[in-house]
Amino acid sequence: MTRSAPRAPFIPTPLSVVHAALRAAWVTPCDIVYDLGAGDGRVVVIAARDYCVKKAVGVEIDPVLVEVARAYAKIHGVADRVEIIEEDFMKVSLEDATLVYIYLYKSINEVLRPKLEAELRPGARVVTVDFPVPGWTPVYVKRLRDEADILRSVHVYVIGLSDRRWSTRHAEITSTRELEAWLACPRKCE
């Protein structure tokens, strides 16, 4: 039996924070991005429109927000690479995701962690805004001020390093350059 996701209110991520989070997580055209609790779809639309990702999937349980997100993707001309799924994100497979974006409470991130560990491949990235994933070590943390001058934090995790399940190599990586070399996304996508 799949556990249901706890509910969280829709709080739109400021656009500057979305861009900072995607850049911090090394988003590339090779990526398949999932936004869990996608709200109005701004993250998946920005990923598709501004970063030309292969595919962007928003998972949202609120039917009104699902329709808003689908309309937003059409308006911005990326509906061919953006999919909005109306579902509880705990029931959606993440096996093809290379990057997962999360703006959820710390307690929800903790409930979500076993699913991420079970379904994501080594090298997949998870980026969270403001709330960390308990039990994981971020490979990168960026602090910034948003449009309202509120201090925000972006945490980037890499499956196989942050969760320490797949490798002990995390101790050897001491710089962003070493991490990028370890991830080594090919320039040409499949």
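FRET efficiency for the pair Tyr105 and Arg23, taken as 1/(1 + (r/R0)^6) with r the Cβ-Cβ distance and R0 = 25 Å, rounds to 0.60. Net charge dipole, region 15-183: roughly 540 debye, given to the nearest 20, about the Cα centre with Cβ charges of +1 for Lys and Arg and -1 for Asp and Glu. Close Lys pairs in region 15-183, defined as Cα atoms under 19 Å apart and 8 or more places apart or on different chains, number 5. Taking Cβ atoms as reference points and 15 Å as the exclusive limit, the residues near Lys74 contribute a net charge of 0, counting Lys and Arg as +1 and Asp and Glu as -1. Of the residues Pro122, Val59, Val33, the one whose Cα sits farthest towards the positive end of the charge dipole of region 15-183 is Pro122 (charges of +1 on Lys and Arg Cβ, -1 on Asp and Glu Cβ, taken about the Cα centre).
Read-outs: derived from the displayed coordinates by stated rules, not from any lab. In this text the structure is predicted, and so the values were computed from the model without any measurement. Cβ sites come from the backbone with ideal geometry, for glycine too, and all protein chains shown count toward neighbours.
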